[in-house]
Structures are given as C-alpha cells and as structure tokens.
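> Here's a structure for you.
Nothing in this text is a laboratory measurement; each read-out follows from the coordinates by a stated rule. As the structure is a computational prediction, the values presented were derived from the model and not from experiment. All Cβ positions, glycine included, derive from the backbone under ideal geometry; neighbour counts span all protein chains shown.
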Ligand code: FAD
Ligand code: SIN
C-alpha cells in the first residue's frame, strides 16, 4: 500500500508522462493518476502545439506574439527559453511516435490561431492532444522502471509539518517528502515517499460550471501546494475559450477549435451579423481575452445564450478534412457544419496562474517540481497565447528532468513519516452535502468571477465561498475521505485564490477585466 521511489509523478497528461519518460532510465518512477491513464486535459486538446518550424516564421516572431498576448506580465527570459527550446522537444515527440499532419510535399501542415502572426501550429487533424497522449502512454507503459497506478488520488503533500514541525509560507526551507495518496478502489490512504515529487496535475476548469475541461481538472496540485505553504501566483488570470459548442447540459463543453477561425470562420450574432471588427482590427483572430469578452458582451446586450461560428463559405471537403472530429460531433447533434452555423459560447478553459516555479520547474518547496498547467512559469503572463500550453508542459518536463537527475544521488527518502491518521474521519455523510456545495461553488464563480468582474461581485463571491469553506472543512474533519469531498475542498481553495488575487489587482489587464477599472484608451487596439 505504501510506496518508495526516486520520483513520484502525480498526473498522466503531457507533462507527467513526458517527465516520467525522461528520468526512467536513471531512477525508479511511481506515476499515479486519479482516473484512467488517458483522462487528462491533454487528451482533449484539439488545435495543436506551437513551435517555430519554417521561414518566414522566426523565434523573434513567436516571442513577440507571446509577449503581446500576455499583456505585459510575461517573463521575457522564460518566453525566449521556451520558444527556442520548442523545436528540439517537438523532434523528441516525433521520435517517440507522435504524428503531426504534413502537406503533399511532406512539409508540416502548419495552422494559425488567434494572436499568432504566422502559421506555426503543428497538429494531428483536430485531435492533437489525443495523439500526443497516445504516443506517450505507449512508451510509458513499456518502460520497466515506471510503475503506473490508475485511480490513485493524491490528497496532500508530505512536508516537515507531518514530522510535527512548524512550516510557514515564504520560508525557503519547506521540504517535500512525497504525498498521501488514496487508492480509490479500497479507500485506503498510503504514504508515497520519494526523493523528488513532481506535480503534473493540470488545470482548474471545474471551478466554473461551463468548462471545456474534463472532470479531473479540479486544481488539486495548486490547492495541495497552497495548503503545504508553497507559493502560488497569477490565479486571477483564468482563460475562457471563446468558442465552446453551445449544447446545454453537456459537460465538459465540446470545444470548437480556434484553428477554425484561423481557417477562415467568422463570428456572427444570431441575426447573422459579423461583429468582431467592431471590437478589434484583428477580428476573430484577436487574442482570446478580447474575443471572449466581445462574445460575452454581444450575448449580454442582446439577451442571447450564444453567437454563431460560420465556416459555411469554405469548401465542404476541406472543412471535413481539417476538422473531422468536430464535423462528426456536430453532425451527431444535427448540425452539418459545412451548411449550418455553429452555436458557440465562451467556456472556462485554462488556468494561466498556478504553482510558482523557476526556469527548472522548481517550486518554492524543496524537492517539489510543478510542470504543465498546474504551474505558473511566467510564460503566459495575463493571457496565454493559443497552443502555447502543450509545448510549455513538454519543455518544462525536460527542464525539470535535467535539473532533478544530478541531485538524485544526494537526496534521501525521509524516515519517520507517520501513516495517514484516520482518527475521527469514519462517518459516511450524505453525498448531497458534497454535490450541492460543488454546484454552489461553480455558480458563485460563474456568475461573480467570470469573464467580466467588479469589486462588488468579487466581494459577494468571497463572502459566499467563505460559508462553503467552513462547512466543507468541518465535513472533511469528520467524514470518510472520498474523491468528491477532496475535490470540493480543492475547488473552494482555488476559488478563494482566484478571488483573493483578483481583488488585489487594481486595473483591467489581459484576462482580468473589471468594470471598476476600465482599460486605458491607449490599451485598446
Ligand atoms: P493534464 O493533461 O490535464 O493532466 C493532468 C493529470 O493529473 C490528469 O491525468 C489528472 O487525472 C491527474 N490528476 C489531477 N489531480 C490529481 C490528483 N489529485 N491525484 C492524481 N492525479 C491527479 N493546449 C494547447 O497547447 N493546444 C491545444 O490545442 C489545446 N487544446 C485544448 C482543448 C481542450 C478541450 C482543453 C481542455 C485544453 C486544451 N489545451 C490546449 C490546454 C492543454 O491541453 C493543457 O493545458 C495541457 O494538456 C495540460 O497538460 P498537463 O499535463 O499539465 O495536465
Ligand atoms: C483550440 O484548439 O482552440 C485550443 C487551443 C489552446 O487552448 O491552446
């Protein structure tokens, strides 16, 4: 039930699988994941993965596009490192079996998305994430040094706190020794110790009701780090994807990739009028924050639940060839995208903030790395450039692997860590106490802390979340540990962090837009 290994990797998306493969030749790896191995945001990614491939594209153009999109909050050194490291990491992915589409001359068929000045998105039809996930899983499953544990849920990180010592945030001496992990089939909690722990737990989309993220995206890694007194930042910058299919009650919301706008699709109000030019001269290919806000504004002004995405002017065979998965999905609900307009609305999509890390993926807690969406590297600033996240996960998996391997010989497995304390936590409460609070968190966040915010809305959200926090902590102290209860607790923590940081920002910037701080005239394109 307990485990000891050189590396404990938590999460099986692009970041976790990549890291495991990069270190497995040199040490033992325990890779845990809370659902099936392939259930991750990675598996749902559609548009592709950005990297400079051919002229006229250049590193400088990709860097500039990323900086412009990030609205002044990117770390330029990080952006340069990421952009220049990307091509080599793509090469490795291809060597490991990932296939990206090529044209009839054998060159990569590069797509374009919002905020990109060039065609630079490598893709596999409109199922790029699933292709990357497939290729990585095949290699991971075949590696003798990697133990894969599906349906194992990380509850909390283990630090000196569990040895009875005081741990304070912003102290630089907090150390991570592993994690307490619950086997979801037996409900028993094990002590998983490691020399280095790698959080690759992905995003936070489920803190909102309407999200493109699968149910596993509940911000567990970020919440665990915050509880362990690690540093978390930029949580106010939540990215809403402008075009999720409007199909009420389908969860997660099915994405209509931005690559479709790169291919020429237009946005229209329900009466058929194009509206994006009114908001930005880049039209439907403006950065995501601008497009999502424009749609939100049109919907609110007109009292509509959706707008339309229109690709009907493009040749039908090309539409089907580029977007076979979207074509099939829409057809299954009676929409033929070669002839019909597609109803779309924005949905929570990506967390730009997260566990603060340095350029090696090291968090503020020793021997704890955070990679992929759960981390905040400084790449995205106040708004992520489309298709920059898969590549970030992969580049940082490489950085963290290269940084952790030389340390391995000097690190030890910590002794004396107590087993999980079940005391007082044996009462099985009614599930409705958890499920109803889960819905309430999503409602509070969706109505008060969404695409457009205000001081008053944030204040209300904070007060209401405070009530849920107290009730849930009480429940956690007394009732049986379940995945749903842990996730609820984590989502409340995430909501709190988003509101706390949003409250502290006295301006509208990137993804944080407040009606109390309208953007300055010179910032409007
Ligand atoms: P994930 O792939 O989300 O993996 C997280 C893993 O951690 C999962 O296996 C999960 O089960 C596990 N986990 C979480 N908590 C725990 C816990 N407590 N215990 C154990 N395991 C846990 N980005 C792009 O660059 N290009 C795109 O085209 C693109 N399209 C997207 C389309 C959709 C619909 C979505 C949702 C996202 C898209 N993104 C895209 C974003 C991108 O997919 C993610 O940011 C990226 O895949 C994150 O990878 P990751 O490895 O960090 O996390
Ligand atoms: C998309 O395909 O539109 C998603 C791309 C991304 O989230 O980077």
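> Which semi-axis lengths, in whole Å and largest first, follow from the square roots of five times the eigenvalues of the Cα gyration tensor of the range 403-485?
Details: eigenvalues 243, 116, 23 Å².
Value: 35, 24, 11 Å, ordered largest first.
> Based only on Cα atoms, what mean projected area does the convex hull of the range 9-66 have, in nm²?
Averaging across all directions leaves 6.0 nm² for the Cα convex hull.
> Given bins 10 angstrom wide, list per bin the percent of all Cα-Cα distances in the range 37-105, short to long.
All Cα pairs, binned at 10 Å, distribute as 16, 40, 35, 9, 0 percent.
> Quick one, what does Rg over Rh come out to for the range 357-437 if you take C-alpha atoms and the Kirkwood Rh?
1.17
> To test your reading of the geometry: what angle, between 0 and 90 degrees and rounded to tens, separates the Cα axis of helix 59-69 from the longest principal axis of the chain?
90
> Kirkwood hydrodynamic radius (Cα pairs, Å) of the range 350-505?
One over the average 1/r among Cα pairs gives 18.3 Å for the range 350-505.
> If one puts a single equal scatterer on every Cα of the range 300-355 and applies the Debye formula without solvent, what log₁₀ I(q)/I(0) results at q = 0.17 Å⁻¹?
Calculated log10 I(q)/I(0) at the listed q: -0.67.
> Roughly how compact is the range 66-208, stated as its Cα Rg over 2.2 N^0.38 Å to two decimals?
Rounded to two decimals, the normalised Rg is 1.41.
> So if I take the alpha carbon set of the range 296-410, get Rg, then get Rh from the Kirkwood formula, what is the Rg over Rh ratio?
1.18
> Let me ask you something else. Divide, for the range 200-329, the radius of gyration over alpha carbons by 2.2 N^0.38 Å, where N is the residue count. Present the calculation step by step, with values, prior to reporting the outcome.
Values: Rg = 17.0 Å, N = 130, 2.2 N^0.38 = 14.0 Å.
Dividing the Cα radius of gyration by 2.2 N^0.38 Å gives 1.22.
> Then there's this: Take the alpha carbon gyration tensor of the range 262-334, find the square roots of its eigenvalues, order them as a ≥ b ≥ c, and report rounded if a/c is under 1.5; if not, report prolate when a/b exceeds b/c, else oblate.
Prolate, because a/c is 1.5 or more and a/b exceeds b/c.
> Taking the Cβ-Cβ separation of residue 104 and residue 80 as r and a Förster radius of 35 Å, what is the calculated FRET efficiency to the nearest 0.05?
It comes out at approximately 0.55.
> Now, a different point. Let's test the formula: R0 of 35 Å, r as the Cβ-Cβ distance of residue 173 and residue 477. What FRET efficiency results, to the nearest 0.05? Write down the numbers at each step before the final one.
Details: r = 28 Å, r/R0 = 0.80.
Calculated value: 0.80.
> Could you check the spin-label model distance between residue 184 and residue 328? Points 7 Å from the Cα along Cα→Cβ, value in nm.
For residue 184 paired with residue 328, the spin-label model returns 2.5 nm.
> How tilted is helix 76-95 with respect to the longest principal axis of the chain? Cα atoms for both, answer in degrees (0 to 90, nearest 10).
It works out to around 90 degrees.
> Can you tell me how the range 237-279 classifies by the Cα gyration tensor, rounded, prolate or oblate, using a/c under 1.5 as the rounded cut?
Numbers: a/c = 1.71, a/b = 1.45, b/c = 1.17.
Judged from the Cα gyration tensor, the range 237-279 comes out prolate (a/c at least 1.5, a/b above b/c).
> Something else: How far apart, in nanometres, would the label points at residue 165 and residue 321 be if each is projected 7 angstrom from Cα along the Cα-to-Cβ direction?
6.3
> How long are the three semi-axes of the equivalent ellipsoid for the range 327-371, computed from the Cα gyration tensor as the root of 5 times each eigenvalue, in whole Å, largest first? Please report the intermediate quantities before stating the final value.
Values: eigenvalues 379, 24, 12 Å².
Semi-axes (√(5λ), whole Å): 44, 11, 8.
> Here is a follow-up. Once the Cα gyration tensor of the range 454-525 is found, what semi-axes does its equivalent ellipsoid get, as square roots of 5 times the eigenvalues, in whole Å, sorted largest first?
Ellipsoid semi-axes (Å, largest first): 34, 12, 7.
> Continuing with the same structure: Consider all pairwise Cα distances in the range 150-195 and report the whole-number % of them above 13 Å.
The proportion of pairs with Cα distances above 13 Å equals 58 percent.
> Sticking with this structure for a sec: Given the range 1-144, what whole percent of its Cα pairs are spread farther than 18 Å?
Of the Cα pairs, 62 percent sit more than 18 Å apart.
> I would also like to ask the following. What distance in nm separates the two pseudo spin-label positions at residue 504 and residue 339, each 7 Å out from Cα along the beta-carbon direction?
Each label point lies 7 Å from its Cα, and together they span 5.5 nm.
> At R0 = 35 Å, how high is the FRET efficiency between residue 467 and residue 36 if r is their beta carbon distance? Nearest 0.05 is fine.
In this case the efficiency is close to 0.50.
> Computed over the Cα atoms of the chain, what is the convex hull's projected area averaged over all directions, in nm²?
Working: hull surface 94.5 nm².
Its average projected convex-hull area is 23.6 nm².
> Calculate, in whole percent, how much of the Cα-Cα pair population of the range 252-301 lies beyond 17 Å.
33
> On a 0 to 90 degree scale, rounded to 10, what angle separates helix 288-302 from the longest Cα axis of the chain?
70
> If you average 1/r over every pair of different alpha-carbon atoms in the range 143-226 and take one over that average, what Kirkwood value in Å do you get?
Computed over Cα pairs of the range 143-226, the Kirkwood hydrodynamic radius comes out at 14.7 Å.
> Here's something else I'd like to know. Please compute the length gained on full extension between residue 447 and residue 273, using 0.36 nm multiplied by the number of residues separating them and subtracting their Cα-Cα distance.
Numbers: separation 174, 0.36 × 174 = 62.64 nm, distance 2.71 nm.
Extending this stretch completely gives an extra 59.9 nm.
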